[in-house]
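Here, each number is a calculation from the coordinates, and none is a lab measurement. Note that the structure is predicted; figures quoted are calculated from it, not measured. In this analysis, Cβ positions are derived from the backbone assuming ideal geometry, glycine residues included, and neighbour counts consider all displayed protein chains.
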Amino acid sequence: MSQTSNPIVFFEDDSHIDLLPLTHTRAACDILIGMSSIRDKWEQHLSLSSVLLCREYLRPLYKTLQQSTAKGPHLYLNARFLPSVDLLRQVQELQEEEAIVSEDGLLLAYRGGTCSDWLMLKERAAKATQKPLQATTPCISHPWDVFQINGQEILNDIQRGFATQKQELSISNTLIGSPDQVFIGTGARCEAAILNVEKGPIVIDRNATIMEGAMLRGPLYIGPNSVVKMGAKLYGNTSLGKHCKVGGELSNVVFQGYSNKGHDGYLGNALIGEWCNIGADTNASNLKNNYLDVKAWSYRKQGFINTNTQFCGLIMGDHSKCGINTMFNTGTVVGVSCNIFGGGFPRTFIPSFSWGGAAGFKTYRLEKAFETAEAMMKRRTVELNPQDKKMLEYVFNFSAQFRRD
């Protein structure tokens, strides 16, 4: 347990830029990996709530340290690090004015007084007693890290207790493997599907629906109120956040939530944000024809970098959409609020608020993007509030430097 009942303070260091476009619209600790966000994992381990020390334009969306009435000392945690057993132990042993720092000088944790921003935290932690990191722990440094560690995080989250409910699997289903590896939440329905758990468990969270003929392989997580459509093929290491709807073929894909891929088409080794819609028969390559490592866009380098992996498919930010029969090349990075359509392959970096396809792009006007977002969110009885609009306006202005029109 923690030495204080004060909430955890998740901080973002300068590396949040390496996780764009996902971190355009959320703090890094709120990225879904496995069955839960990084924030949820730490809160579960430490039995504490949390607040954020984040970028100024994101503060209206969160309960922040500036709004908290809790007095110090606070436990500050780097929003990009997941809790391993060894790191958890080292964090719990951290004393006031001590910091955990990696071999290359990266700040992981600090216990101390209230800080107003990242720069103040950085200065205070630099003056604290430095404790070297004594753990091997997962860290998300780039978007593709999310799907690469997703399968293991499904297993870790089950051990953390995120899969507590277990209904009986209906006899209309075909199960390959042990029934102990199937977790079905309250209100979930799964009928006439094929479930293979020989290589990992399958978790079907509360009120989710698995339609007839779906084929599922673990490790796999289906989030609350999500729907897997008839005949869908879901391979292992895949996670669907809440309120997703998917069909076709998915392999090692992470949907953050509220996004749809309702029809045939292939996605592999991919990361999809919230409020996205993937058109019917959309296909995204995840392997180059020459079998070399994939290169993908880096916002920090403002150019393409080696992902050091053979398999990297589509990375798509929140509120983006693509039309029917869209084709994406290997390692395509799509920003926030894009609308992509037409024949041919669009370029492999599509800046936020782009409208078009292989024939070229123009700016997707902010008011039109708001209309689309409001219409989609209304279908899930969620409001695009003024704080969301201000956040998206910031992303619109930031991304102007990358748009060509």
| query | Along the charge dipole of the chain, Cβ charges K/R +1 and D/E -1, which of 253, 121, 185 sits furthest on the positive end? | reply | 253
| request: Work out the FRET efficiency for residue 287 and residue 98 from their Cβ-Cβ distance, taking R0 = 45 Å, and round it to the nearest 0.05. | output: 0.50
| Which of 314, 133, 77 moves most in a GNM of the chain, Cα contacts under 10 Å? | 133
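Quote the FRET efficiency, to the nearest 0.05, computed for residue 367 versus residue 280 with a Förster distance R0 of 22 Å and r equal to the Cβ-Cβ distance.
Numbers: r = 28 Å, r/R0 = 1.25.
It comes out at approximately 0.20.
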| note | The size of the Cβ-based charge dipole (Lys, Arg +1; Asp, Glu -1) of the chain about the Cα centre, to the nearest 20 debye, is 760 debye
| message | Under 8 Å for C-alpha pairs, at least 6 residues apart: give me the relative contact order for the stretch 247-405, rounded to a whole percent. | response | 16 percent
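Of 321/390; 301/389; 199/245; 166/233; 41/166; 321/378, which pairs sit farther than 26 Å apart, going by alpha carbon to alpha carbon? Spell out each step's value before the answer.
On the way: 321/390 21 Å; 301/389 28 Å; 199/245 24 Å; 166/233 23 Å; 41/166 21 Å; 321/378 16 Å.
Going by Cα-Cα distance, 301/389 fall outside the 26 Å limit.
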| Zone residues, the stretch 84-125, relative to residue 66, backbone N less than 12 Å from point 7 Å out along Cα-to-Cβ | 116-118
| task | Assuming a ≥ b ≥ c are the square roots of the Cα gyration tensor eigenvalues, decide whether the stretch 8-140 counts as rounded (a/c under 1.5), prolate (otherwise, with a/b larger than b/c) or oblate. | result | rounded
| task | Just grab the label-to-label distance for residue 402 and residue 176, each label 7 Å out from Cα along the Cβ direction, in nm (one decimal). | result | 3.9 nm
| said: In whole Hz and in residue order, list the ³J(HN,Hα) couplings for the stretch 152-167 that follow from phi through the Karplus curve 6.51 cos²θ - 1.76 cosθ + 1.60, θ = phi - 60°; x for Gly and Pro. | reply: 5, 5, 4, 5, 4, 5, 5, 5, 6, x, 7, 10, 9, 9, 8, 7
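Tell me, in nm to one decimal, what length is gained between residue 383 and residue 123 on full extension, where the rule is 0.36 nm per residue of separation less the Cα-Cα distance? Write down the numbers at each step before the final one.
Numbers: separation 260, 0.36 × 260 = 93.60 nm, distance 3.90 nm.
Taking 0.36 nm per residue and subtracting the Cα distance, the gain is 89.7 nm.
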| field | Residue (of 64, 92, 354) at the positive-pole extreme of the chain, dipole from beta-carbon charges | value | 354
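Hey, could you grab the Kirkwood Rh for the chain? Inverse mean 1/r over distinct alpha carbon pairs, Å, one decimal. Don't skip to the answer; put the middle values down first.
Values: mean 1/r = 0.0458 Å⁻¹.
Result for the chain stands at 21.8 Å.
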| query | Dipole of the chain (Lys/Arg Cβ +1, Asp/Glu Cβ -1, origin at the Cα centre): which of 163, 316, 197 lies farthest to the positive side? | reply | 316
| note | Any aspartates and glutamates whose Cα falls less than 20 Å from that of residue 362, other than same-chain ones fewer than 8 residues away, would be 318, 371, 393, 405
